[in-house]
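Structure record follows, encoded as structure tokens.
The values are calculated or read from the model by the stated rules, or taken from the named source; none is laboratory data. Source: prediction; values computed, not measured. A quick note on method: Cβ atoms are made from the backbone with ideal geometry, for glycine too, and the neighbour counts reach across all protein chains shown.
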Amino acid sequence: MPSANEQGNTEQILLKVPKISHNHTNSTATDYPLSASSGDHPESTYSGNDHVLKPHQPATLRTAVRAIITSSYINVLLVFVPLGFISNFMWGSTVTFVLNFLAIIPLAKLLGFATEDLAIRVGETLGGLLNATFGNAVELIISVIALTKGLVIVVQASMLGSILSNLVFVMGFCFFFGGLYYKEQAFNITAAQTSASLMAIATCSLLLPAAFYSSLSKANYPADQVQGDILDISHATAVILLIIYGGYLFFQFNAAPTSESQADEAGPDEEPEEAEEPQMPLWVAIVLLVVITVLVAFCAEFLVGAIDDIVDQWHLTQTFVGLILLPIVGNAAEHVTAVTVALKNKMDLAIGVAIGSSMQIALLVTPLMVIIGWGINVPMTLYFNVYETAVMFISVLIVNYLINDGKSNWLEGLMLLGVYLIIAISFFYYPDISTESSK
């Protein structure tokens with residue numbers, strides 16, 4: 001998953017590249033992205049023919065605090081963290097839900113910032129595992145708390161909602177806003193299709209339980225037996241999905257250093273990225289990671305605790321809350337990251353955020369929730385009703401079709417945003433009919 005450091009350092013790196021145009025007359029826009037604040041690479045910031053960034057000073061507590069505060073403008077929402085704590089004890093459920101909803105957004109961003117700072121120190125393999133683990137920490141924490149409270153519908157809906165949010169909503173924003181700045185943007189079709197193929201496998205794991213339930217229900221098979229069989233199928237499928245995800249990580253780590261596509265794209269302007277250094281001392285990064293994780297856990301507890309009252313007071317369904325509202329909390333940081341890099345014409349990174357985040361939810365977080373539910377004796381399954389699986393299938397199909405040519409424009413982004421809006425409206429009226437099949 002893309003990092004907060006990449007956002008902060010992207011422009012610095014771009015401003016220090018030499019201007020080399022005579023050897024790349026046939027390059028696409030994505031090969032040499034322009035700075036967001038300039039029409040060309042300023043040569044005044046570069047001296048000589050070396051491609052080495054100026055050495056960084058060792059990170060100190062003072063520089064760490066400055067880096068944390070200035071890491072993102074989303075940090076202004078941190079004011080809602082103490083208010084969220086107070087609201088749980090003094091104010092009503094609606095205020096508690098809204099304040100903690102807003103509080104988790106900047107916490108998720110800071111969690112990604114601390115994770116990336118640690119990942120820089122431990123190398124590509126361990127860094128990738130660290131990002132994969134903590135990159136979805138917010139979704140995991142919210143889902144585990146909801147699962148312990150027996151809100152299986154909310155957990156299932158939030159998993160599906162996170163997938164749809166990243167795959168359709170974030171991708172649409174990237175295509176749309178990137179297309180407003182660039183007539184057409186190109187990206188690595190091979191990498192995008194690999195992630196999309198894994199998403200198709202994840203979709204298959206959701207379609208089969210739905211088809212199984214539908215077939216046996218029509219055959220007047222005992223309902224209790226059907227639900228028991230689906231639970232067993234879900235447990236086995238969850239283990240298989242985790243193995244597939246582990247294999248994907250192994251393949252990614254081993255293929256990355258020798259990838260021909262990366263070698264072709266990594267021209268002289270890519271070398272400065274190797275000089276990226278941590279912005280915080282090690283102990284500060286660890287403390288920040290622990291503190292933010294604890295704060296997210298408390299805010300998530302207050303947020304989930306208010307869901308039942310919110311459903312009654314706002315006349316919403318648990319499915320809508322889990323599928324549309326909660327993904328905004330967990331994925332806000334990814335949304336900002338993806339749109340930011342898309343505006344800088346780095347579509348490979350933007351698509352990596354969108355499809356990659358969806359893939360992690362489908363192949364890592366969702367199976368983990370099934371396993372955790374198995375351990376605490378809560379019947380969390382991979383069974384989604386026909387309508388939910390149809391929405392998932394159609395979304396994956398549309399995205400696969402749009403990325404098939406390796407190019408994007410604002411019209412494709414507008415279409416994806418329209419599809420997501422239609423999905424959101426339909427789920428607003430969709431009842432919690434999956435309750436019985438989840439118990």
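A few points about this structure:
Yes or no, residue by residue, for (1) out of contact with any Pro (no Cβ under 8 Å at 6 or more places or on another chain); (2) at pLDDT below 90:
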residue: 204; (1), (2): yes, yes
residue: 208; (1), (2): yes, yes
residue: 212; (1), (2): yes, yes
residue: 220; (1), (2): yes, yes
residue: 223; (1), (2): yes, yes
residue: 227; (1), (2): no, yes
residue: 234; (1), (2): no, no
residue: 237; (1), (2): no, no
residue: 247; (1), (2): yes, yes
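- Check on residue 47, at pLDDT 70 or above and part of a loop (DSSP other than H, G, I, E, B): no
- No other residue among 189, 142 is closer than 18 Å to residue 370 by Cβ and of a type in the set (A, V, I, L, M, F, W, C) apart from 142.
- Check on residue 390, modelled with pLDDT under 90 and small (Gly, Ala, Ser): no
- Taken together, 301, 274 contain a single residue that is part of a helix (DSSP H, G or I) and modelled with pLDDT under 85, which is 274.
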